[in-house]
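Colleague: Pasting a structure below so you can have a look.
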Amino acid sequence: MVEILALVSYIWPSIWEWEIISKRGKHKVDETAYQNSGSSRRDFLKSVGAGLALSLAGSNPRALGSVGANDRIQMGFIGLGSQGTGRLMEFMQHADVDVAGVCDVDEHHLERAAVATEKARGHKPKTFRDFRALLDQPIDAVMIATPDHWHALPAIRAFQAGKDVFVEKPLSYSIGEGRAMVTAAHSKQRVSQVGMHIHNHTPNYRRAVELVKSGMLGQVSRVTCWMRSTTKGLGNPPDGAPPPELDYDFWLGPAPKRAYNPNRSHGTFRYFWDYSGGIFIDFWCHITDVVFWALDLKAPESVAAVGGRYFLADNTETPDTLDLVYEFPKLDLTWTLNPTPLPGFESMGSIGCVFQGTEASLAVNYMRHELYVKGKPVKDFQRPAPTIPDSPGHIREFLDAIKSRQPTTCNVEYAHRLTKSGLLGNIAYRTGRRIRWDDERERVIKDPGANRLVTRRYRKPWKLA
């Protein structure tokens, strides 16, 4: 009888927990009360002992985080703006995915996602305003497509609850958050995938990586990355009351308390330091993914940055022009964010990078790559034999990994290694100093001011741990 009661409390939140959720409404989140209620339930579960765990393992492997090869995957979806709704639709294209719940702090987003699910699958999923309530459901995995400052907490709690996690890029708002996400995933042996879909979108990056690794370029000592920025601003709307459908205090979460402004939320949040790091950090992972992959880069030894807001006249904060120099062992990586493409490579478009080797250079964008020898493009050349298998697709890879328990190619560990360099670039820009990095300790060397940006203090009552 005790084991039955424990199983019920494992699957459904306690009555007290639901009372907290139902009364929350637009009021400030009572994180302490929620933690206490969860602790009581966990203490009760612990009192059942190992017998319950064994019985669950025998009768319901999913309760211990296991999904069989032929099982359907029960998923929850957290953050359902335009990106999250798009991801929801992509996941529903896979027949072995069930939408067990959807969660958003905006009622309009939530209803749109529920209706889209009903249209695609014939039933409305459970809806949640609080991701913690969703994580209390008997689900296998979650998709997180919240603003950047809300990536870490849901992901960490999902890992701790035994769920696998698909989270959008950039992995984290801060380096400290990224490290905490990696630690949580490892401690619970959870599968993860970060939404760097270009990595798996086409075979292009794979073929470029094979070229670099083959040695055809010779010694690569410099890589230049670029992205075109916009000169069109977002205007200067006044502060005001948040829309009634949005729980704005919950949307802010661990970020500082600010007056509501239309430009500070939803699709344009990334242009404010409280929530993200601008268009630079938004695309850093997509562009430098091929570089870190091909050269097996770890962390830079130093970073310097210059730039500013030279074109935008609005109330956003992040730069529209940015030049960075990263010093890696035997390699310099430069990044240019500017309204014009990299001179000489206009044909490659608004986004790309160039590997400069002693024997040849390789220009890569999302969809194609070009080899140059002595400044001239080479069309016909002997390619190395393919060594990197093509991807089944970013989402399919994640779903297959849930069943096989094998790591994905864009797991949180790889994404943290990649993302932290971009975050260091923003720290160098914001401090106006060249910073030197101790990657073993993940600290800026002899610069307390810069170190304060490695992990920020959360707004109460939210905590990173």
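Colleague: Rank these for me by crowding, I139, I395, going from fewest to most other beta carbons within 10 Å.
Modeller: Exposure proxy ranking, most exposed first: I395, I139.
Colleague: Using all alpha carbons of the stretch 338-444, what is the percent of pairwise distances in each 5 Å bin, ordered from the shortest bin to the longest?
Modeller: Taking every Cα pair in the stretch 338-444, the percentages come to 2, 8, 12, 13, 14, 16, 17, 12, 5, 1.
Colleague: Which of the listed residues, L342, P243, T387, is farthest toward the dipole's positive end in the chain, when Lys, Arg count +1 and Asp, Glu count -1 at the beta-carbon?
Modeller: After comparing all options, I get L342.
Colleague: Continuing with this model, one more query. Sorted by average packing, counted as other Cβ atoms within 10 angstrom per residue and highest first, what order do 174-181, 272-279, 252-259, 387-394 take?
Modeller: Order by mean packing, descending: 174-181, 272-279, 252-259, 387-394.
Colleague: OK, next. Return the FRET efficiency for the residue pair K446, H186: r is the Cβ-Cβ distance, R0 is 45 Å, and the value is rounded to the nearest 0.05.
Modeller: E(calc), rounded to 0.05, equals 0.90.
Colleague: Where the centroid of each part is defined by its Cα atoms, how far is the stretch 181-198 from the stretch 270-348 in Å?
Modeller: 24 Å
Colleague: Relative contact order for the stretch 241-353: what percent, with Cα pairs under 8 Å and sequence separation of 6 or more?
Modeller: 18 percent
Colleague: Students often forget the sequence filter, so: which lysines lie under 22 Å Cα-Cα from K213 once same-chain residues fewer than 8 apart are removed?
Modeller: Hits, sequence-local ones excluded: K298, K330, K374, K376, K379.
Colleague: Could you tell me the center-to-center distance, by alpha carbons, between the stretch 200-266 and the stretch 74-127 in angstrom?
Modeller: So the two Cα centres are separated by 23 Å.
Colleague: While we're on this one: Provide the FRET efficiency to the nearest 0.05 for the R436-E107 pair, computing r from the beta carbons and using R0 = 35 Å.
Modeller: After rounding, the FRET efficiency stands at 0.15.
Colleague: What is the calculated FRET efficiency for Q160 to R405, with r their C-beta to C-beta distance and R₀ = 22 Å, to the nearest 0.05?
Modeller: That pair, Q160 with R405, gives E of 0.80.
Colleague: A further question follows. Below 8 Å between Cα atoms, with a sequence gap of 6+, how large is the relative contact order for the stretch 66-195 in percent?
Modeller: 22 percent
Colleague: I would also like to ask the following. Straight distance only, please: which aspartates and glutamates reach the Cα of K163 with their own Cα at less than 14 Å, same-chain residues fewer than 8 apart left out?
Modeller: Once the sequence-local aspartates and glutamates are set aside, what remains near K163 is D136, D140.
Colleague: Counting pairs of alpha carbon atoms under 8 Å apart in space and at least six apart in sequence, what relative contact order in percent does the chain give?
Modeller: After rounding, I find 18 percent.
Colleague: With a 10 Å radius around each residue's Cβ, average the other Cβ atoms per peptide and rank 71-80, 94-103, highest first.
Modeller: With the highest mean Cβ count within 10 Å placed first, the list reads 71-80, 94-103.
Colleague: For the stretch 138-254, give the magnitude of the charge dipole about the Cα centre (Cβ charges: +1 Lys/Arg, -1 Asp/Glu; no others), in debye to the nearest 20.
Modeller: So the magnitude is around 760 debye.
Colleague: Going highest first, how would you order 347-353, 152-158 by mean Cβ packing within 10 Å?
Modeller: Per-residue Cβ counts within 10 Å, averaged per peptide and sorted highest first, yield 152-158, 347-353.
Colleague: Helix check for the chain. Which DSSP H runs span at least 20 Å along their own axis by Cα, with a mean Kyte-Doolittle hydropathy no less than 0.0?
Modeller: Both cut-offs are met by 278-295.
Colleague: With equal scatterers on the alpha carbons only and no solvent term, can you work out the Debye log10 of I(q)/I(0) for the chain at 0.06, 0.08, 0.10 1/Å?
Modeller: Relative scattering, expressed as log10 I(q)/I(0), comes to -0.28, -0.50, -0.78.
Colleague: In nm, give the distance between the simple-model label positions of R459 and Q93, each being 7 Å from the Cα along the Cα-to-Cβ direction.
Modeller: It works out to 3.7 nm between the two label points.
All of the numbers you see were taken from the coordinates with simple rules; none came from a lab. All values derive from a computational prediction rather than experimental measurement. With ideal geometry, Cβ positions are generated from the backbone for all residues, glycine too; neighbour counts draw on all protein chains shown.
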